[in-house]
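Just below is one structure, and these are the notes that go with it.
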Amino acid sequence: MGTPEHALINDVSVRWNSTLHMISCLLEQRWPVTAILSDPDVTPRGKCFLDLKHDQWSLLEEVEQVLKPFECATVFLIGESYVTACILPPLVKGLQKSIQSTICETAAVKAFQSVAAQEMTSRWERETKFRDDGGENICLIAAALDPRFRKLKFLVAEDSLKVHIKVQALALEVKRRYEEEQTQHRCEEQRSASADITFSEKRQVSLLDTLLVSSDSDDHHSNSEDDTGHIQDQEARSEVVQNEIHMYFSEQAIPKEENLLKWWKENEKRFPILAMLAKSYLSVPATSTPSERLFSVAGNIVTKKRASLTSAEHVYMLTFLHCNAKI
């Protein structure tokens, strides 16, 4: 009948997408299946009820239409070769719009759409709406650091502004820690260099310090200068971060098909502070599927037949090679 020669698929109760695959395969093989079920030489007359009615086929078609966007989103979010946390908020919003825009005639499918929309709103609210209770907004911040979604069009204007403020606060903290690390590194270098000074030179410096010791008033004046310098450093740091934030969010979003990590590599010098922040948030996976796959791989390696695995280090290396092998 011109249809692909595919075997029918049985669904698995713990995997919802297997039900979609079963329905899609059955719809693909609809006419061969109908022909077989209506053939009295193959199907006994007492089992003619196995053939689906027209309204049942229509129900399957609508269910497939509604479930396909969910499978597309699921397959994308469990990927390991690209960033995923930043995709979650706009993807959830897109699924919500897809449910609302899909017009179905079957009452059962309409009920499913309503329940699915409610469940998505309740389950994904923490990841798609800015939290003022001090909780983490990892996915929203990751989306803001994604130049493809930096305009945050999937959020209301109020939440979008809050995300901008949060990113600025995080960038300030990153800038402060980076400067402290640089200062500490320079101090360690100076201490290392001063270790080569001879004892006599140290004694001379110590004597000179004794002769030039400051009075209490001079110390107070020095402390005041230090405080003033600290405030000026904070203001300068804040200005640098604000300029970088403003420049980043004022630019147009890049095309969605562009490589996100390549863009950050090319623009790291333009946005050095945000680049450091992006490395922390864009590396977060959207789901636990990659780690679960890793446990499955290790379980397939450590078996009773692998008696030569004498140490855990061998297991770690075999798992590493399996997950990082170039194809």
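With respect to the numbered conditions (1) within 20 Å of the chain's Cα centre (by Cα); (2) open to solvent by less than 50 Å² (accessible area, probe 1.4 Å); (3) at pLDDT 90 or above, which one is the sole condition not fulfilled by Phe76?
Just one mismatch for Phe76, condition (2).
Only one of Lys162, Lys202, Lys175 is at pLDDT below 85 and surrounded by 10 or more Cβ atoms within 10 Å (Cβ to Cβ). Can you tell me which?
On the way: Lys162 fails: at pLDDT below 85; Lys175 fails: at pLDDT below 85.
Just a single option satisfies the conditions, and that option is Lys202.
Residue by residue through segment 18-39, note down the ones that are open to solvent by less than 50 Å² (accessible area, probe 1.4 Å) and touching a Ser or Thr at 6+ places or on another chain (Cβ under 7 Å).
Answer for segment 18-39, where residues must be open to solvent by less than 50 Å² (accessible area, probe 1.4 Å) and touching a Ser or Thr at 6+ places or on another chain (Cβ under 7 Å): Gln29, Pro32, Leu37.
Would you check which residues across segment 297-327 are surrounded by 10 or more Cβ atoms within 10 Å (Cβ to Cβ) and polar (S, T, N, Q) and list them?
Asn300, Thr319
Read through the list (1) more than 22 Å from the chain's Cα centre (by Cα); (2) over 25 Å from Gln252 (Cα atoms), then give the number of the only condition that Glu158 fails.
Condition not satisfied by Glu158: (2).
Considering Phe130, Phe149, which residue is among the aromatic types (Phe, Trp, Tyr), open to solvent by less than 50 Å² (accessible area, probe 1.4 Å), under 14 Å from the mean Cα position of the chain (by Cα) and under 23 Å from Leu91 (Cα atoms)? Walk me through it before giving the result.
Values: Phe130 fails: under 14 Å from the mean Cα position of the chain (by Cα).
Of Phe130, Phe149, the one residue that is among the aromatic types (Phe, Trp, Tyr), open to solvent by less than 50 Å² (accessible area, probe 1.4 Å), under 14 Å from the mean Cα position of the chain (by Cα) and under 23 Å from Leu91 (Cα atoms) is Phe149.
From the list Ser58, Ser81, which one is polar (S, T, N, Q), free of Cβ contacts under 8 Å to residues at least 24 places away in the same chain and open to solvent by 30 Å² or more (accessible area, probe 1.4 Å)?
Details: Ser58 fails: free of Cβ contacts under 8 Å to residues at least 24 places away in the same chain.
The match here is Ser81.
Could you tell me whether segment 250-269 includes any residue that is open to solvent by 70 Å² or more (accessible area, probe 1.4 Å), of a type in the set (A, V, I, L, M) and farther than 30 Å from Arg177 by Cβ?
No, segment 250-269 contains no residue that is open to solvent by 70 Å² or more (accessible area, probe 1.4 Å), of a type in the set (A, V, I, L, M) and farther than 30 Å from Arg177 by Cβ.
Just need a number here: residues in segment 114-152 that are of a type in the set (Lys, Arg) and at pLDDT 90 or above.
3
The values are calculated or read from the model by the stated rules, or taken from the named source; none is laboratory data. Note that the structure is predicted; figures quoted are calculated from it, not measured. Don't worry about glycine lacking a Cβ; one is built from the backbone with ideal geometry, like all the others, and counts go over all protein chains shown. Each accessible area value is taken on the protein alone, full model and side chains, heavy atoms only, with ligands, DNA and RNA left out. Shrake-Rupley method; radii C 1.70, N 1.55, O 1.52, S 1.80 Å.
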